[in-house]
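The values are calculated or read from the model by the stated rules, or taken from the named source; none is laboratory data. Treat the numbers as computed from the prediction; the structure is a model and nothing was measured. Reconstructed Cβ throughout: ideal geometry from the backbone, glycine too, with neighbour counts over all protein chains shown. To get the accessible areas, we keep the full protein, side chains included, count just its heavy atoms, and leave off ligands, DNA and RNA. Shrake-Rupley method; radii C 1.70, N 1.55, O 1.52, S 1.80 Å.
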Amino acid sequence: LAQDTTVRLEGNGRLGPAADEFRGTSAAYGYEGTPYSVMPSMIDLARITRDDVVFEPGCGDARVLIAAMKAGARRGLGVDIDPDLAEVSYAAVRSAGLQDKVEIRWGNALAVDMSNATVVFLFMGEPFNLIMRPLLWKQLPVGARVVSNDFAMGDWKPDRTVRVETPGRTYTLYLWTITEAIKRR
C-alpha cells in the first residue's frame with residue numbers, strides 16, 4: 001500500500017493555496033457524474049445496509065456517497081484527485097448534513113486503505129478498474145461488494161449485470177463480491 005498522502009477536508013472545506021496548481025484538472029480526467037436516475041439502481045445492486053462503510057474513489061460531487069448514506073450506510077469516504085471536485089463534494093456533504101458520517105479527501109485514491117470498506121462504488125473507466133482490482137482483492141474483506149457504473153474489470157466476471165435506460169443512453173452496472181477464492185489469488 002502506498003503511503004496515504006490524501007488531505008482530509010474539514011472546517012470550511014477549502015484546501016487553500018497548496019491546491020491551487022492542481023485546480024481545473026477535472027476536465028483532464030473527463031469527469032462525468034453518475035446520473036441521478038441511475039443511482040437508485042447502483043444503491044439497490046450494492047444492497048446497502050446500516051453496517052456498510054462505503055468508499056468511492058473519484059467521488060466527483062459526492063452524489064453516490066450521499067445516496068448511500070440516505071439508504072442507510074453507516075459511514076462513507078470519498079476521494080477525488082481534483083481539488084475543485086473535492087471541495088464541491090465536501091460542500092455537498094455539509095449541505096446534506098452528513099459531515100459526521102462522510103469524510104472527503106483530496107488526493108490519490110489508490111493510496112487509501114480500503115480494508116474497512118464493505119461497498120466500493122466505481123465510475124472511473126476500465127483502465128482505473130484494472131489498477132484497482134488487485135487492491136480490492138487484497139484489501140477488502142470477504143463479503144464486500146464492488147459496484148461499477150459502465151466499466152468492467154477485465155476477466156473478473158461480475159456476479160450480476162444490470163442495464164439502466166436513460167434518455168439517450170444505456171448504463172451498464174456491474175456487481176462483484178469479494179470471496180475467499182478472490183483473496184487467495
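Find the percent of Cα-Cα distances in the stretch 53-180 that exceed 17 Å, and round it to a whole number.
So the portion of pairs separated by more than 17 Å is 57 percent.
Compute the semi-axes of the equivalent ellipsoid of the stretch 63-131, taking the square root of 5 times each eigenvalue of the Cα gyration tensor, and list them largest first in whole Å.
The three semi-axes for the stretch 63-131 are 20, 15, 11 Å.
How would you order 32-39, 123-130, 143-150, 112-119 from highest to lowest mean count of nearby Cβ atoms within 10 Å?
143-150, 112-119, 123-130, 32-39
Probe radius 1.4 Å, ligands and nucleic acids ignored: give me the carbon and sulfur share of the accessible area of the stretch 112-185 as a rounded percent.
53
Before anything else, pin down the relative contact order of the stretch 45-185: Cα pairs under 8 Å, at least 6 apart, normalised by residue count, whole percent.
Value for the stretch 45-185: 21 percent.
Work out how much length Glu165 to Arg47 would gain on full extension: take 0.36 nm times their residue separation and subtract the Cα-Cα distance, in nm to one decimal.
40.5 nm
Can you say what percent of the DSSP beta bridges in the stretch 108-183, counting only those with both residues inside, are antiparallel? Round to 5.
So the antiparallel bridges amount to about 75 percent of the total.
Per residue of the stretch 85-99, what does 6.51 cos²θ - 1.76 cosθ + 1.60 with θ = phi - 60° give for ³J(HN,Hα)? Whole Hz please, x for Gly and Pro, Karplus curve as stated.
My calculation for the stretch 85-99 gives 5, 4, 5, 4, 4, 4, 4, 5, 5, 4, 4, 7, x, 10, 5 Hz in order.
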